1. Has the range 57-77 got at least one residue that is assigned to a helix (DSSP H, G or I) and surrounded by fewer than 16 Cβ atoms within 10 Å (Cβ to Cβ)?
2. Of these, Glu141, Glu136, which one is in a helix (DSSP H, G or I), among the acidic types (Asp, Glu), touching a residue at least 40 places away in the same chain (Cβ under 8 Å) and out of contact with any helix residue (DSSP H, G or I) (no Cβ under 7 Å at 6 or more places or on another chain)?
3. Does the range 183-197 contain at least one residue that is in a helix (DSSP H, G or I), of a type in the set (A, V, I, L, M), in the same structural domain as Tyr69 (by TED's automatic domain parsing) and more than 18 Å from Leu263 (Cα to Cα)?
4. Could you list, in sequence order, the residues of the range 256-273 that are in contact with a Phe, Trp or Tyr (Cβ under 8 Å, 6 or more places away or on another chain) and either over 22 Å from Arg228 (Cβ atoms) or assigned to a helix (DSSP H, G or I) (or both)?
5. Right, Val35: in a loop (DSSP other than H, G, I, E, B) and either aliphatic (A, V, I, L, M) or more than 24 Å from Cys186 (Cβ to Cβ) (or both) or not?
6. Just checking, which of Leu289, Leu310, Leu298, Leu322 is surrounded by fewer than 22 Cβ atoms within 10 Å (Cβ to Cβ) and in contact (Cβ under 8 Å) with a residue 24 or more places away in the chain?
7. When you check Pro71 against the structure, is it closer than 25 Å to Met237 by Cα, in contact with a Lys or Arg (Cβ under 7 Å, 6 or more places away or on another chain) and modelled with pLDDT under 95, yes or no?
8. When the range 229-254 is examined, which residues are found to be among the β-branched types (Val, Ile, Thr) and over 17 Å from Leu269 (Cα atoms)?
Amino acid sequence: MMTSRERFLRTLEFQPVDVPWVRAYAFVWPETELVWRTQGYEGPTLGWHGEGLPQRFGLDELLRVDPWYGPVPPFEYQVIEEDERTKLYINHEGILMREFKEHADTSMPQFVKFPVETLEDFESFAAERLALNPQERFPKEWQEQVRKGELRGVAGAANITAIGVESGQANGQGKSGFPEEHPRLCWADRWGGFFGPLRNMMGLENLCLAFYDNPKLIERMMEERADRIIEITSEVMKYTDFDVFWYWEDMAYNHDSLIDPKLFRKFALKHYRRVNDWLRSRGIKHIGLDSDGNITKLIPLWLESGINMLWPFEVQSGMDVLKVRQTYGHDLVIMGGIDKRALIRGGEVMRREVDRVMPLVEDGGYIPELDHSVPPDISWPNFCEYVEYLKYRLGRG
């Protein structure tokens, strides 16, 4: 019988497996758990990653070994003003933002001011906050838990959680000496990429204008991100192995890319290639990227750069994983693409949506799961119904 890691890697390589690898979902909104506890869920605290649900449902796990790739030290959380409904504060990334006190997780904040406007701002920001700084990115507690194979819920320098690792590749074991059972992901969440991180520092409007008005700033920021991604990831490899590296961009909305793909290619392609060539030189064959929205026009750029996995393929943004497979064949591994809105209605609507993606499971190179986080309007009974039906269709029941 194959291990979870063996199934995962064979799936990514379009090879046959004994039973399909399945995660079913990626993230659970905190507000979702609050709603679920009124609907019959009585388990442990789930957190964003739904800790405990894989064991409860017999699902596979993609373990996280990622440190924080963003500002270190983080900015101090500081409330500037507040009223009965909202608060204005500086977050850990240095963004001045206003958000509702209630439903903060399920509503969009107002972004008031970003820390970078000029090249001088960026150079100061990079020197003060973006250096390797291994003492804070890789604290002794993190190192010790990796060494013991016990990394669970360790908050990084900016209170970003690294979930877990059972390290190893050589002889079924890794640098910690613990058995290898689950695949591992190193995800440079929010700060690993060449659009998303720049947007974090400048804001969307300022960033898009800077491609035309301040190209030297854009080039410098992308160069720095490539340098740091390589430097930080190299440090990760001193402590543990992993199977997949993952970028974060979020650079599309429900109809199109947030920037002309031709313009983005002009600036970003060489930086993607430099990082991806380095990753492959270190034995990382599988390189993924997370971007919400309609990414149709961006896929060719990412494939050309060496990225070979994408997530989440939001159906409400017009993404259809069956059409994507028809277009790109086995050049692209697909994760996600099951319309989460079908789970709100449940029953036959949900079953038809799960049935829709089964041809991709048979073709390989596909991880069936929801097309983003589990929102609170998916009830606990409907979520359970979905997981059990998905497992049934995959022969995992």
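1. So in the range 57-77, the residues assigned to a helix (DSSP H, G or I) come out as 57.
Still in the list and also surrounded by fewer than 16 Cβ atoms within 10 Å (Cβ to Cβ): none.
No, because not a single residue in the range 57-77 is assigned to a helix (DSSP H, G or I) and surrounded by fewer than 16 Cβ atoms within 10 Å (Cβ to Cβ).
2. Glu136
3. Applying the first criterion (in a helix (DSSP H, G or I)) to the range 183-197 yields 196-197.
From the residues that got through so far, the ones that are of a type in the set (A, V, I, L, M) too are none.
Within the range 183-197, none of the residues are in a helix (DSSP H, G or I), of a type in the set (A, V, I, L, M), in the same structural domain as Tyr69 (by TED's automatic domain parsing) and more than 18 Å from Leu263 (Cα to Cα).
4. Filtering the range 256-273 down to residues in contact with a Phe, Trp or Tyr (Cβ under 8 Å, 6 or more places away or on another chain) leaves 257-259, 263-264, 267-268, 271-272.
If the condition is that a residue be in contact with a Phe, Trp or Tyr (Cβ under 8 Å, 6 or more places away or on another chain) and either over 22 Å from Arg228 (Cβ atoms) or assigned to a helix (DSSP H, G or I) (or both), then Ser257, Leu258, Leu263, Phe264, Phe267, Ala268, His271, Tyr272 are the ones that fit.
5. no
6. Exactly one residue qualifies, and that residue is Leu322.
7. Values: closer than 25 Å to Met237 by Cα: yes; in contact with a Lys or Arg (Cβ under 7 Å, 6 or more places away or on another chain): yes; modelled with pLDDT under 95: no.
In short, no.
8. So the first thing to find is which residues in the range 229-254 are among the β-branched types (Val, Ile, Thr), and the list is 229-230, 232-233, 236, 240, 244.
Once the filter is applied, which keeps residues that are among the β-branched types (Val, Ile, Thr) and over 17 Å from Leu269 (Cα atoms), the range 229-254 yields Ile232, Thr233, Val236, Thr240, Val244.
The values are calculated or read from the model by the stated rules, or taken from the named source; none is laboratory data. This structure is a prediction, so every number in the text was calculated from the model and none was measured. Here Cβ is always computed from backbone atoms with ideal geometry, including for glycine, and neighbour counts include all displayed protein chains.
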